[in-house]
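Student: Questions regarding the structure given below will be posed in turn.
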Amino acid sequence: MLLEEPPINPTPQPQTVYTDGWGARWAIALFTRQIAAVAGATVSEGGYAGFVAVSRQLMRGRNPAQQQAVVGQVLRSLVPSPLRWLVRTGARPTRWVCETNAWFATVLFPWLVGPLQRVPVPSGEETEQRGVKIQRCRYLEASGCVGACVNLCKMPTQKFFAEELGIPLTMTPNFADLSCEMVFGQVPPPVTEEAAWQQPCLDGRSPLPCPQVRGG
């Protein structure tokens, strides 16, 4: 399921239009406020556009490791420590646990990344429903930034699940079509061995890898 070759610039498509219900608007506002509080950012507009604007403020003046650390702090602030401890100590990454997390992802996070669906993951002679496909990532599309995808989503989310919940997670963005695959129970490779490490910025102005990912 991992991409083997660095993807090319995405094929232009019409911007996806979202109609957020009250639950999605509440989640977006909460996440935006938490990021602003931790990062010392200013919320200047509402809705998803405000969330993206605050995340861009988070990136300014911080290297990739610092950006990822801030998001990790935000994630920990949203999930109470007792709950994290309970999951980490009481739920081993069994097939059932991984498949349950995949199901929860499809239910809880459409407001953040757009539509998701569960996909099978080969496991020996069987398949397990512990994969999730983000059809066209809302955040990547709205931000248009490879560095934001890697540093504010992929890397801190993988680390949060592994260290705080005890569940390995691999997230593989596809910058050609803006989709992403998540596999619960799979340990990710070092980022330097992934296609994202070689991915140029999405604006197509340079063939060189995105400097935000490498901290250049």
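Student: Post the alpha-carbon centroid distance, the range 156-207 to the range 16-34, in whole angstrom.
Tutor: Value for the Cα centre distance between the two parts: 24 Å.
Student: For the range 82-169, what is the relative contact order in percent, using Cα pairs closer than 8 Å and at least 6 residues apart in sequence?
Tutor: 32 percent.
Student: Which Cα, out of Ser81, Val213, Leu140, lies furthest along the positive dipole direction of the chain (beta carbon charges, K/R +1, D/E -1)?
Tutor: Result: Ser81, furthest along the dipole toward the positive end.
Student: Another question about this same structure. Classify the range 174-216 from the C-alpha gyration tensor, please: rounded if a/c falls under 1.5, else prolate or oblate depending on whether a/b exceeds b/c.
Tutor: In terms of gyration-tensor shape, oblate.
Student: Over the Cα atoms of the range 22-214, Rg to Rh with Kirkwood Rh, two decimal places?
Tutor: We get a ratio of 0.95 for the range 22-214.
Student: Also, quick follow-up: Using Cα pairs under 8 angstrom and six or more residues apart, how large is the relative contact order of the chain, in percent?
Tutor: 24 percent
Quick note: the coordinates plus some simple rules give every number you see, no bench work behind them. Remember, it's a predicted structure, so these values are computed and weren't measured experimentally. In this analysis, Cβ positions are derived from the backbone assuming ideal geometry, glycine residues included, and neighbour counts consider all displayed protein chains.
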